Amino acid sequence: MIETERLVIRPLNNEDYTTWYTQFENRLPSQHRYDEGKLDMGVCTKKWFQQLVDNHRSLALEDKIYVFGIFRKADNAHLGAIDFSTLLRDDFQWARVGYTIHNQFWRKGYAKEAVKAAIHFAFEKLNYHRIEAHINLDNFPSIKLAESVGMEFECVRKGFIYEFEEWTDNLVYYINRS
């Protein structure tokens, strides 16, 4: 568990279903291309959520992906998520970070607070040496967030990820354990 002034960042558990579901339901319509906005939550039953929690635990035990929910201390509202995917261990200790905040909570500093704390945790507790963020060329809010938590631009990876029915370029931002 990670605590900041306003947040608790931790793996989801079965008791989180109501706050998790409520905040997905309260999302605003999509604000830009990279914001999913409102989602169809029809399949997201308590049983489905329990399977999601179990899957996250299994992936963490296998050192593949660590998924953390972001919760506001004041009312336990689920604000979003951060995940670390292990890319390579051995002599690299290399991971990718992903982050999302429900759009009804944007522009309040939650993402910066959460990502900064989670990166520190990933270096100290998950023993990564290098963490990368892979960001679409025109995802300016994500670029700004990466820079605000101390990540540096490294390069553009051409044809890096298949999305929007085409291979797209991504910016690579990184931070090393210091």
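Observations
- The range 71-103: number of residues that are touching a helix residue (DSSP H, G or I) at 6+ places or on another chain (Cβ under 8 Å), more than 20 Å from LEU28 (Cβ to Cβ) and open to solvent by 10 Å² or more (accessible area, probe 1.4 Å): 1
- Flag for TYR162 being under 27 Å from ARG6 (Cβ atoms) and either loosely packed, with under 14 Cβ neighbours inside 10 Å or not basic (Lys, Arg) (or both): no
Condition check ((1) among the hydrophobic types (A, V, I, L, M, F, W, C); (2) modelled with pLDDT of 95 or more) across all residues:
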residue: LEU12; (1), (2): yes, yes
residue: TYR17; (1), (2): no, yes
residue: ASP35; (1), (2): no, no
residue: TYR66; (1), (2): no, yes
residue: HIS78; (1), (2): no, yes
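- Looking only at residues of the range 24-36 that are acidic (Asp, Glu) and open to solvent by less than 90 Å² (accessible area, probe 1.4 Å), we find that the one that is farthest from PHE71 (Cα to Cα) is ASP35.
- If you go through the range 37-64 and pick out every residue that is at pLDDT below 95 and open to solvent by 20 Å² or more (accessible area, probe 1.4 Å), you end up with 5.
- Residues within the range 1-23 that are within 20 Å of ASN55 (Cβ to Cβ), surrounded by 16 or more Cβ atoms within 10 Å (Cβ to Cβ) and not polar (S, T, N, Q), tallied: 6
- When LYS112 is tested against (1) surrounded by 15 or more Cβ atoms within 10 Å (Cβ to Cβ); (2) more than 28 Å from LEU7 (Cβ to Cβ), only condition (2) is not met.
- Qualifying residue in the range 122-139 (condition: within 23 Å of LYS64 (Cβ to Cβ), among the basic types (Lys, Arg) and open to solvent by 60 Å² or more (accessible area, probe 1.4 Å)): yes
- Selection from the range 164-178 of residues that are under 13 Å from ILE119 (Cβ atoms) and not β-branched (Val, Ile, Thr): TYR173, TYR174, ASN176, ARG177, SER178
- Every pair of residues 6+ apart whose Cβ atoms lie under 7 Å, when the first sits in the range 144-155 and is without any contact (Cβ under 8 Å) to a residue 40 or more places away in the chain while the second is assigned to a helix (DSSP H, G or I) and among the charged types (D, E, K, R): SER148/LYS112; VAL149/LYS112; VAL149/LYS116
- Pairs with Cβ under 7 Å, 6+ apart, first in the range 100-111 and free of Cβ contacts under 8 Å to residues at least 24 places away in the same chain, second part of a strand (DSSP E or B) and open to solvent by 20 Å² or more (accessible area, probe 1.4 Å): THR100/ALA81
- Residue ID - farthest from GLU113 (Cα to Cα), chosen from residues in the range 146-163 that are touching a strand residue (DSSP E or B) at 6+ places or on another chain (Cβ under 7 Å) and not in a strand (DSSP E or B): MET151
The values are calculated or read from the model by the stated rules, or taken from the named source; none is laboratory data. Treat the numbers as computed from the prediction; the structure is a model and nothing was measured. All Cβ positions, even for glycine, are placed from backbone atoms using ideal geometry, and neighbour counts span all protein chains on display. Note: areas computed on protein heavy atoms with side chains; ligands, DNA, RNA excluded. Shrake-Rupley method; radii C 1.70, N 1.55, O 1.52, S 1.80 Å.
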